[in-house]
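Reading through the structure tokens given below for one structure.
Only the coordinates and a few stated rules stand behind these numbers; no lab work does. Bear in mind that the values here come from a model prediction, so they are computed numbers and not experimental data.
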């Protein structure tokens, strides 16, 4: 009887740990979003520190679903806080971080309107003069003062680079995807292990009783 009483308490404790590990992170911790795009520059693209003719490129960065913003202008756009920016040219990492990334307001079902810009050395508030620009659907909902980034795939109606002059490039797709944080993955694994322990322990208990 003492064995069963002690075991019962242990099982309930493990169950509680499993509940916390599986349920709490999804409610308390905000997952970052991964924004990414890639493609190949055309043969007329000039060579620069971030471009080369006929070379593959890709970029990515992280931001929160409801990011803190700066340079917000109602009905125009905002600059979100971002981390972990990566830009690759021909498979090699280019050591550069944008001065500004800006999300723009886009009227519904209106092509050839700037939706996202990445500016290397100056603010994107007036558009991009040195960077990358994507004409897409609007990538967020709500006010520019308090936006919510919307995961999804956003094909461009036009994609171009700016480096003194503007150069049109082959269209691409901007992808925004949910990316679980490592801490959440660890807690989820702990929760699954704890649940497995409970199941095995209960089976062992039933075998002892029979």
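List of remarks:
- Segment residue 40-residue 158, extension gain: residue separation times 0.36 nm, minus the distance between their alpha carbons: 41.1 nm
- Computed from the alpha carbon atoms alone, the convex hull of the range 60-104 holds 81 Å³ per residue.
- Seen from every direction in turn and averaged, the convex hull around the alpha carbons of the range 30-180 projects onto 8.1 nm².
- Extent of the range 68-155 along its three principal axes (Cα atoms, max minus min coordinate, largest first): 36, 26, 24 Å.
- Our estimate of slack between residue 94 and residue 74, defined as 0.36 nm per intervening residue step minus the Cα-Cα distance, is 3.8 nm.
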